[in-house]
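Asks: Okay, handing you the structure first.
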Amino acid sequence: MILQALVQHYEDLIAQNLIAPPGWNQVKVSYALELDEQGTLLRVASIQENVVKGSKTVLMPRIMELPAPVKRTMGIAANFLCDNTAYILGFAGKGNPKRARECFAACKALHEQLLSGVNTPTAKALLAFFRCWDPEQAAGHPAIQDGISGIQAGANLVFRFHGAFIHDDPAVRQAWQAHYDTDSGGPTMICLVTGQETSIEAVHPAIKGVQGAQSSGAALVSFNAPAFCSYGKEQNLNAPTGKYAAFAYTSALNHLLADRNHLYRLGDTTVACWAEGGEPAFQDAFGAFTFGAQCSYTETELRNMVGTLLRGNPVLFDETLLDPNRPFYILGLAPNAARLSVRFFLRNSFGGFLENVRKHYGRLNIVKPSFDKFDTLPLWKLLGETVNQNSKDKAASPNMTGAVLRSVLLDEPYPVTLLHGALLRIRAEREITRGRAAILKAYYLKRPHPDIPKEVLTVSLNPDSTNIPYTLGRLFSVLEAVQSSANPGINATIKDRYFNAASSTPGHIFPILLNLSQKHLRKLDNGLRIYYERQITELTGVLSETFPPRLNLPQQGAFQLGYYHQTQKRYEKKEETKYV
């Protein structure tokens, strides 16, 4: 299913001329070797481009359409027209000189094989270069000395003849295409992706761009041990994929992973998404609504568009008509040594995914502090609530990240690791932020529990709730306010010393806190004292004469929500008073 969807995406991109045709690929190139008619190397020219990254401008390799590179393992395999210094020049730098000479010999043989029948001056100059070049003298060649530091870094090289790139010569391109189309290499079998009888690829092209994976590329389909094989088949013959399908799915996936505007990273999971048809506007809209990516519309405009889509009506987004019924795909990949792990692969209509995300935001909706500028909590910020922000590594648990995103996109219950992560930070920091309160609310709305009823899972304070743990949380917030009013600028409040104990064993702590509050109340003027006494009397009236000795985990969640709601109500009152 994954490979079929990627092959279809490749064909959609081909139809829009957005991707290289079969046999060709986008390759990063840093240098061009200038040749004359006799194949003499005249100079090494940098073709890198200035790219703005943040506040800096840096030199980056140029992306060029070149013959598709081979996937290398431990053996020697040359590429056509573009490769590193070992293959093109036989130059190893600090590497193995013997292996570099063998690489050059393989590259020379490949070019002799493909270009021997091409009679253009360009092809003749290239063949003359391979015939006259001496790898033993490469390091001392005057043309290489100028750029030796960059060349030694393993950069890719191409050839240029009379100011034009050799890979742009029509006859040379035709020679490569004919070779690619006729080079079978593998046995003929039924391709599991296309259903056609075709030559099967034993080793698929590498996938690049997944965070944490090998920079040289990793495999999505791979068999590397006898235990994974059957019926005497080796490597990817156990999952027969035709040459075209292998090229198509890897090209489409590499295209998605190279598109940084539509690629998202959560923990160790790299998330790519696309719509059937290949229009990027679907990715733009989905990224803006789900991941908080920047777009040309305000949050209000975006929410209105999503509302229109969820009513089944198309919407014009950046001059593209978004159809809510268009099939949409989301793929989550994680590194696994030289291979890739599929965290999830989801297929739904575009509107279906947006509806599930909208429900998720609805569950997260909770009163926020005045300084919080986020109208909705994006996933990266939500996951950050489970991490100690003072630690060096601020990434959330990789397994939890994938599970949370899957829960959001499929409208399933949230993983218990999300709840435990938020509770751990609350206990460690004694701080209930908007995000942590939102996690408590959303988790129990999706996983109902009798000890934390819906009457406490509200957006803002529910003054009519008679839930005991919720009321205890509210009372704790009021007692904290009394202490702060009686001791302005106090460094540590009762929250710093008693919060965790009060939320788990209120029967032991609250008598102490109420006795302490009487001493604080005596320090206040009459009006403020009466104001707080009225609140304390109202809340203690909801409680029984004895406080519960213990609260279980859901009841502690109700306590924490009560504290958060009451605290935000208190700050809201202060803001109102400030502007009266």
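The values are calculated or read from the model by the stated rules, or taken from the named source; none is laboratory data. Since the model is a prediction, treat every value here as computed from it, not as a measurement. Neighbour counts run over all protein chains shown; Cβ positions are idealised from the backbone, glycine included. Side chains included, ligands, DNA and RNA excluded: accessible areas come from the protein's heavy atoms. Shrake-Rupley method; radii C 1.70, N 1.55, O 1.52, S 1.80 Å.
Asks: Report whether or not Gln152 is touching a Phe, Trp or Tyr at 6+ places or on another chain (Cβ under 6 Å) and at pLDDT below 85.
Replies: Spelling it out, it is not the case that Gln152 is touching a Phe, Trp or Tyr at 6+ places or on another chain (Cβ under 6 Å) and at pLDDT below 85.
Asks: Output the residues belonging to the range 71-105 that are in contact (Cβ under 8 Å) with a residue 40 or more places away in the chain and among the β-branched types (Val, Ile, Thr).
Replies: Thr73, Thr85, Ile88
Asks: Right, next: Restricting the search to the range 47-68, which residues are farther than 20 Å from Thr122 by Cβ, part of a strand (DSSP E or B) and open to solvent by less than 70 Å² (accessible area, probe 1.4 Å)?
Replies: Val51, Val58, Met60, listed by residue number.
Asks: Here's a follow-up. Take the residues in the range 80-122 that are closer than 20 Å to Glu37 by Cα and among the charged types (D, E, K, R), then tell me which one is nearest to the chain's Cα centre (by Cα).
Replies: Checking each candidate, the answer is Lys108.
Asks: Return the pairs, sorted by first residue and then second, in which the second residue is open to solvent by less than 50 Å² (accessible area, probe 1.4 Å) and assigned to a loop (DSSP other than H, G, I, E, B), the first residue lies in the range 302-326 and is on the phi > 0 side of the Ramachandran plot, the beta carbons are less than 7 Å apart, and the residues are 6+ apart or on different chains.
Replies: Gly312/Pro324
Asks: List the pairs whose first member sits in the range 513-531 and is exposed (fewer than 14 other Cβ atoms within 10 Å of the Cβ), whose second member is aliphatic (A, V, I, L, M) and part of a helix (DSSP H, G or I), and whose Cβ atoms are under 7 Å apart, counting only residues at least 6 apart or on separate chains?
Replies: Lys523/Ala486
Asks: Additional query: Among the residues of the range 485-499, which ones are polar (S, T, N, Q) and either in a loop (DSSP other than H, G, I, E, B) or surrounded by fewer than 16 Cβ atoms within 10 Å (Cβ to Cβ) (or both)?
Replies: Asn487, Asn491, Thr493
Asks: Any residue in the range 189-213 that is of a type in the set (Asp, Glu) sitting within a Cβ distance under 6 Å of a residue that is at pLDDT 85 or above and part of a loop (DSSP other than H, G, I, E, B)? List the pairs, counting only those 6 or more apart or interchain.
Replies: Every condition considered, the pairs that remain are Glu201/Thr241.
Asks: So Val357 clears everything in (1) open to solvent by less than 30 Å² (accessible area, probe 1.4 Å); (2) in contact (Cβ under 8 Å) with a residue 24 or more places away in the chain; (3) outside any loop (DSSP other than H, G, I, E, B); (4) touching a Lys or Arg at 6+ places or on another chain (Cβ under 9 Å) except one condition, right? Which one?
Replies: For Val357, the exception is condition (4).
Asks: Considering only the range 258-292, how many residues are under 21 Å from Ala334 (Cβ atoms) and free of Cβ contacts under 8 Å to residues at least 60 places away in the same chain?
Replies: The total comes to 9.
Asks: Could you say which residue among Ser222, Ser230, Ser296 is part of a loop (DSSP other than H, G, I, E, B), touching a residue at least 60 places away in the same chain (Cβ under 8 Å) and open to solvent by 30 Å² or more (accessible area, probe 1.4 Å)?
Replies: Ser222
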